[in-house]
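Encoded as structure tokens, the structure appears first; notes follow it.
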Amino acid sequence: MKFISTRGRAPSLSFADTVLTGLATDGGLYVPESLPTFSRAEIAAMAGLDYEELAFRIIQPFVGEDLSDDELRGIIGRAYSTFRHRAVAPLVQTDTNEWILELFHGPTLAFKDFALQFLGQLFDHLLKKRGERVVVMGATSGDTGSAAIEGCRHCDNIDIFILHPHKRVSEVQRRQMTTVMSDNVFNIALEGNFDDCQNMVKASFADQSFLPDGRRLVAVNSINWARIMAQIVYYFYAALRLGAPEKTMNFSVPTGNFGDIYAGYLARQMGLPIDQLVIATNANDILHRCISDNDHSPRPLVHSLSPSMDIMVSSNFERLLFDLYDRDGAAVAELLADRSAPMHLDEGALARAREVFASCRVDDRRTVEVIREVFESSEYLLDPHTAIGVEAARRVRLGSQEGREQPMVCLSTAHPAKFPDAVARALPLEKIPLPAHMQDLFERAERMKVLPNDLSQVHEFMATALVT
Ligand SMILES: *Cc1c(COP(=O)(O)O)cnc(C)c1O
């Protein structure tokens, strides 16, 4: 299968090259030239498969000749063997026709493990075949860094450097990164904020001459196609368990960079009977404003109780725009020419978006109330991100008879123990216990390098680490 850029001017690439490349050279994002689809009969035949075999069926059409079936099965098997629940993505019922899809049973307790456990295994396999060794570099405000480190820690052909803002990530999040004692993992605590970290990474990708010979940087951020692709699988998995293809259902997704919910959109395009996808946002509501008022204008960042959804602009939204504009790369390039300017969709594009997507914004006060209400009504403890998804689902469903009768699946993107402060505002619980494999997190030794916000010192640290 070939992959093409959303801006229409970069060369098309194979699956393997797409995964090992970040942005396309024209500034666009790579998407498949055409999407594989499954008939009702083919979907019906997937019922009852375990997670790994289902993942194989969904992912295989994308990889083409680049991986044999055995290679792909091996990658998938290793990626999901680290999950602590046999079902990988179990469903829990919280109300009539309402389910929570628990996506937090991976090593770092957030849904990003689904993508990054897979990506780490995929990278390592492709690099081994090419005889290449690369350097993964990324910035994190919390969840992504630990998931990327866990994904790459066992990879022979990768060294990974993750920058986080010194003293500005939570203790659980920091310890999930700094207590990983693998020789190829390097944590840099930068004396600056998250933007400084991101700028440092951008500058490093632009000029890689500081790296030892034969090395190059590779990105693992949420625009990587393999991350999106791995996330399509759990939409099929949940829907099959709730009666697809006979039954049609809806999904509600706590949304930041639009990677997770875009995977749901792809599942729908591939034939899964999904009626609506609910974009659930916190106060950083650019996508909600876009769908409800056709107002896609960046506003200053708001720090919320759901920090993993604190974004100004959602990078993966461009992939949806490409489809909404009939895959016309020139039109997308024109629309996005000035990212800081307000953007308005044309009427046809907006109408097509609204056929698939509903949206809702939930503020911090309501997030806390929902955590309390759901605990009191169903004895189920939500993390703040998931609470936003549940509230959005309920508001949208109340609007239609059909919606109330269809199953609604709310994606649970993190374990509540990861965000104890928000949960403590809702309920007078004793400390929320971390799952067994992390009980000693606060006793483990840490390793990180504190560095000033200075590009040459960061580069010097990396260069030295890579040759020793
Ligand atoms: C990353 C993240 C999100 C947002 O996902 P996107 O794919 O960026 O939309 C939501 N919740 C949690 C807990 C996350 O870590």
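A viscosity of 1.306 mPa s and a temperature of 10 °C, combined with the Kirkwood radius over C-alpha pairs in the Stokes-Einstein formula, give the chain a diffusion coefficient of 70 µm²/s.
How high is the relative contact order of the chain, given as a whole-number percent (alpha carbon pairs under 8 Å, six or more residues apart)?
Values: 878 pairs, mean separation 87.3, N = 468.
Relative CO of the chain lands at 19 percent.
Taking the 1.4 Å solvent-accessible surface of segment 1-80 as the whole, the part contributed by carbon and sulfur is 49%. Starting from one equal scatterer on each C-alpha and no solvent at all, send me the Debye-based log10 I(q)/I(0) for segment 296-380 at q = 0.13, 0.18, 0.19, 0.25 Å⁻¹, two decimals. Calculated log10 I(q)/I(0) at the listed q: -0.60, -0.91, -0.96, -1.28.
Spacing of the modelled spin labels on E52 and R86, each 7 Å from Cα toward Cβ, amounts to 1.4 nm.
Loop-located trypsin sites (Lys or Arg not before Pro) in segment 21-105 (DSSP state not H, G, I, E or B) with no more than 10 neighbouring Cβ atoms inside 10 Å: R86.
Quarter the surface of the alpha carbon convex hull of segment 352-468 and you get the mean projected area, 13.3 square nanometres.
Rounded to the nearest whole Hz, the Karplus-based 3J(HN,Hα) values (6.51 cos²θ - 1.76 cosθ + 1.60, θ = phi - 60°) of segment 60-67 follow the sequence 3, x, 7, 8, x, 7, 6, 9, with x at glycine and proline. Of the residues T413, G399, L427, the one whose Cα sits farthest toward the positive end of the charge dipole of segment 332-436, with +1 on the Cβ of Lys and Arg and -1 on the Cβ of Asp and Glu, is L427.
For segment 72-204, the Cα-based Rg and Dmax, in that order, read 16.2, 53 Å.
Please compute the volume of the convex hull spanned by the alpha-carbon atoms of segment 69-108 and report it per residue in Å³. Before the final figure, lay out each step's value.
Details: hull volume 3.0 nm³, N = 40.
Cα-based convex hull of segment 69-108, divided per residue, equals 76 Å³.
Solvent exposure of segment 274-377, expressed per residue, is 42 Å² of accessible area, with all protein chains present and a 1.4 angstrom probe. By accessible area, using a 1.4 Å probe on protein heavy atoms only, segment 289-340 has 54% of its surface on carbon and sulfur.
Solvent exposure of R444, expressed as accessible area, is near 80 Å², computed with a probe of 1.4 Å over the protein chains only. A cut-off under 15 angstrom between Cβ atoms defines the neighbours of P384, and their net charge, with Lys, Arg +1 and Asp, Glu -1, is -3. Structural descriptor for segment 346-441: relative contact order 27 percent, calculated from alpha carbon pairs under 8 angstrom and at least 6 residues apart. Heavy atoms of the protein chains alone define the surface here; on that basis segment 31-133 has 40 Å² accessible area per residue at 1.4 Å probe size.
Qualifying GluC sites (Glu not before Pro) in segment 335-409, where qualification requires a DSSP coil assignment and no more than 13 other C-beta atoms within 10 Å, comprise E379. Once segment 179-290 is represented by equal point scatterers at the alpha-carbon sites, with solvent omitted, what log10 I(q)/I(0) does the Debye formula produce at q = 0.10, 0.13, 0.18, 0.24 Å⁻¹? Result of the Debye calculation: -0.49, -0.74, -1.01, -1.32.
The alpha-carbon positions of segment 251-341 define a convex hull whose volume is 94 Å³ per residue. Applying a DSSP loop filter and a limit of 11 other Cβ atoms within 10 Å to the GluC sites (Glu not before Pro) in segment 430-459 leaves E430, E443. Rg and Dmax of segment 285-435, based on Cα coordinates, read 17.8, 56 Å.
Ignoring ligands, DNA and RNA, please state the percent of accessible area on segment 399-468 from carbon and sulfur, probe 1.4 Å. If you can, show how the numbers build up before the last one.
Numbers: 2020 of 3930 Å².
Carbon-and-sulfur percentage of accessible area, whole number: 51.
Relative contact order of segment 245-300: 34 percent, from C-alpha pairs under 8 Å at least 6 residues apart in sequence. Over segment 332-415, all Cα pairs binned in 10 Å intervals from 0 give whole-percent P(r) values of 15, 35, 27, 19, 4, listed from short to long.
The values are calculated or read from the model by the stated rules, or taken from the named source; none is laboratory data. This one's a predicted model, so the numbers in the text were calculated from it and none came from an experiment. Note that we place each Cβ from the backbone using ideal geometry, even for glycine, and neighbour counts take in every protein chain shown. The area values use the complete protein model at the heavy-atom level, side chains included, leaving out ligands, DNA and RNA. Shrake-Rupley method; radii C 1.70, N 1.55, O 1.52, S 1.80 Å.
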